[in-house]
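Heads up: the structure comes next, in structure tokens.
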Amino acid sequence: MKTWLRQHRVAFSRALVRLWRAPLNTLLSLLVIGVAMTLPAAGDLFLENVQSLGKNAHQGQQLSLFMDIEAPADVTRETRKRLAERLPGQWRFVSRQEALEQMQSSDGMAEIFASLPHNPLPDAFIIEPAQATPEDLERMRADLAQLPGVAHAQLDSAWIERFHAFLALGRRIVDLLALVFAAGLIAVTFNTIRLQVLAQADEIEVARFIGATDAFIRRPFCYSGILQGGLGGLMAGILLMAGVSLLEESAARLSALYGSHFVLKGPSLARFLLLPAVGAALGWLGAQLSVSLALRQMETTPQ
Amino acid sequence: MIVGDHLTKRYPGGFEALRDLSLEIARGEMIFLIGHSGAGKTTLLKLIGAIERPTSGSLVVNGQNLFALRKKALPYLRRNLGQVFQDQKLLFDRSVLENVLLPLDIIGLPLREAQRRARAALDKVGLLEREKARPITLSGGEQQRLAIARAVVNRPAILLADEPTANLDLKAARQVLDLFVAFNRVGVTVLISTHEPPEIPEHTTRCVILDHGRLAS
Ligand SMILES: Nc1ncnc2c1ncn2[C@@H]1O[C@H](COP(=O)(O)OP(=O)(O)O)[C@@H](O)[C@H]1O
Ligand SMILES: [Mg+2]
């Protein structure tokens with residue numbers, strides 16, 4: 001166990017030294033990996049921000065329950081009671097009288113309503129759910145339409161559905177982008193590690209001839225891949241933060257113009273740490289594939 | 001220690017480098033393998049060193065049948081052998097000391113202990129003062145001795161040396177052969193190949209002559 005740990009530590013420091021000794025190469029690969037990871041990460045962050053923008057908008061979404069005009073008062077009372085149980089504090093009642101007064105006080109409508117022989121408006125419940133996805137809302141609408149005396153339940157959420165469809169599409173695109181760039185990262189690592197392996201072909205041959213296992217030979221290269229991917233991911237995180245801080249001010253100014261309190265959010269710490277973690281994992285994979293292939297090709301002992 | 005039975009080695013392309021060769025080497029022997037260039041000396045040493053596999057025949061080294069051995073086990077077998085390669089295979093981008101450290105690194109010895117052992121090996125071959133030098137700055141004889149130090153640092157039971165005296169002047173060749181005699185005296189089984197019989201040390205137990213892949217008597 002101690003030997004095992006020591007060998008890993010030695011391999012790790014070898015890999016570090018190798019990166020350090022070729023600073024330009026290292027910097028270039030880190031930049032390539034960093035940029036490649038920044039793109040999907042930025043897309044993800046963008047969606048996140050748009051989503052939070054949408055959440056603010058959700059507070060405006062309404063579900064209107066119109067009662068039957070003829071509904072007797074005790075039925076309306078019953079519905080009221082049930083709503084109070086199900087959605088406490090998330091609805092208000094607009095009596096037909098109130099509705100009429102509201103109409104009469106609004107410009108243009110006043111005369112029309114004044115000329116009517118009797119009040120054509122029903123009692124209504126205006127429901128503003130605290131938090132709900134479009135699917136939740138639709139389910140709620142169908143549900144509430146069953147309440148006694150309800151003539152019609154109306155949901156004005158077409159734009160929200162469109163918004164969510166847009167988000168879903170965006171999510172797809174970002175996922176696809178992430179997949180493509182992950183493959184790219186593996187390929188980049190594969191290539192750099194391959195070059196490293198070939199550059200050390202002599203050393204690898206000797207090591208094999210005098211009893212090195214494949215695991216021993218693979219180890220420093222795998223750490224190279226891990227380091228390269230991890231540091232590349234870190235660079236992506238830093239690029240992302242830099243981008244956010246550059247855009248922050250203009251975003252704030254823009255949202256102020258619209259009277260919104262929207263603030264451009266940077267990546268959370270977990271998201272930030274995810275980048276080097278994913279980078280390291282992909283780097284490890286690329287290195288593993290690369291060394292295994294190279295070792296197989298360098299195989300001297302036919303089986 | 002080493003038992004080869006009806007060994008044949010056919011390289012890809014069909015060339016038979018060894019033909020039906022049987023050979024037995026006892027523990028503690030010091031043997032010269034003599035043969036013209038292309039006789040199959042390197043091939044035989046590679047078979048014993050588990051670097052090449054025989055096409056047919058059986059080969060038991062250190063009690064292990066190389067034919068039956070799984071591939072994963074090969075590295076561990078090689079660790080019990082000291083090999084001096086015909087082309088030495090020194091690492092020219094590492095120091096003399098680092099070259100000797102390589103086998104110890106492979107078995108995962110702690111650095112301090114490894115350095116102690118590597119220096120002891122360098123001391124035996126008379127290269128201790130050159131430990132920081134690059135192998136490229138060493139003379140031919142010194143490079144050969146460095147290769148020997150790397151081969152013995154693991155304290156192997158068997159030492160295989162492929163033409164270790166080729167390209168060396170008489171004095172350097174003698175120094176190298178003296179080293180092999182010294183290792184043999186402490187119990188190491190030694191097999192040395194050569195294409196021109198040098199001054200064979202008296203200490204030698206046997207000479208084996210290889211001719212076109214066959215043993216000549
Ligand atoms: N990898 C190989 N592929 C094909 N032929 C080889 C290979 N290695 C050696 N040979 C041939 O096998 C014969 C014996 O080679 P070798 O064992 O190196 O002889 P020696 O070491 O006695 O000079 C030579 O004719 C050589 O050309
Ligand atoms: Mg040879």
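Converting phi to 3J(HN,Hα) with the Karplus coefficients 6.51, -1.76 and 1.60 and the offset θ = phi - 60°, the stretch A:163-169 yields 4, 5, 5, 4, 4, 5, 4 Hz in sequence order, with x at every glycine or proline. Think of it as helices only: each DSSP H run of n ≥ 4 in chain B is worth -39500 (n - 2.57), and spread over all residues that comes to -9500 deg cm²/dmol at 222 nm.
Computed from the Cβ-Cβ distance with R0 of 22 Å, the FRET efficiency linking A:Asn119 to A:Lys81 stands at 0.35. In nm, to one decimal, how far is the modelled label at B:Ala166 from the one at A:Leu273, with both set 7 Å along Cα→Cβ? So the label points at B:Ala166 and A:Leu273 sit 5.9 nm apart. Each label was represented as a point 7 Å from its Cα along the Cα-to-Cβ direction; for A:Leu247 and A:Asp143 these points are 3.6 nm apart.
Legend: calculated FRET efficiency, B:Asp93 to B:Ser58, from the Cβ-Cβ distance at R0 = 41 Å, rounded to 0.05, equals 0.55. Taking amide hydrogens as placed 1.01 Å from N in the peptide plane, the amide H of B:Val84 sits under 5 Å from those of B:Leu160, B:Ala161, B:Asp162, each at least 5 positions away in sequence or on another chain.
Counting Lys and Arg as +1 and Asp and Glu as -1, each charge on the Cβ, what is the dipole of the protein assembly as shown about the Cα centre in debye, to the nearest 20? Kindly include the intermediate steps, with their values, before the conclusion.
Numbers: 57 positive and 50 negative charges, 545 e Å.
Taking the Cα centre of the protein assembly as shown as origin, the dipole is about 2620 debye.
Could you compute the FRET efficiency for B:Ala26 and B:Asp178, with r as their C-beta to C-beta distance and R0 at 22 Å, rounded to 0.05? Computed FRET efficiency for B:Ala26 and B:Asp178 comes out at 0.45. Using a cutoff of 8 angstrom between alpha carbon atoms and counting only pairs six or more residues apart, the relative contact order for the stretch A:79-221 works out to 17 percent. Largest accessible area first, the residues A:Met1, A:Met37 order themselves as A:Met1, A:Met37 under a 1.4 Å probe with ligands, DNA and RNA left out.
Using C-alpha pairs under 8 Å with a sequence gap of at least 6, the mean separation divided by the residue count of chain A gives a relative contact order of 28 percent.
Could you pull out which residues in the stretch B:175-217 have an amide N less than 13 Å from a spot 7 Å beyond the Cα of B:Phe67, following the Cα-Cβ vector? None, by backbone N distance to the label point.
Under the convention that each Lys and Arg Cβ holds +1 and each Asp and Glu Cβ holds -1, the size of the dipole of the stretch A:62-156 around its Cα centre is about 300 debye. Placing +1 on each Lys and Arg Cβ and -1 on each Asp and Glu Cβ, with no other charges, gives chain B a dipole about its Cα centre of roughly 820 debye.
Please go through the residue pairs B:Lys46/B:Lys72; A:Lys2/B:Lys132; B:Lys9/B:Lys124 and name each one whose alpha carbons sit more than 27 Å apart in this structure.
Values: B:Lys46/B:Lys72 18 Å; A:Lys2/B:Lys132 29 Å; B:Lys9/B:Lys124 36 Å.
Going by Cα-Cα distance, A:Lys2/B:Lys132; B:Lys9/B:Lys124 fall outside the 27 Å limit.
Counted residue by residue at 0.36 nm each, then reduced by the alpha carbon distance between them, the extension gain from B:Arg155 to B:Leu111 reaches 14.1 nm.
The values are calculated or read from the model by the stated rules, or taken from the named source; none is laboratory data. Computed from a prediction, not measured in an experiment: that's the story for all the values here. Every residue, glycine as well, gets a Cβ built from its backbone with ideal geometry; the counts of neighbours run over all protein chains shown. We work out accessible area using only protein heavy atoms, side chains counted, and drop any ligands, DNA or RNA first. Shrake-Rupley method; radii C 1.70, N 1.55, O 1.52, S 1.80 Å.
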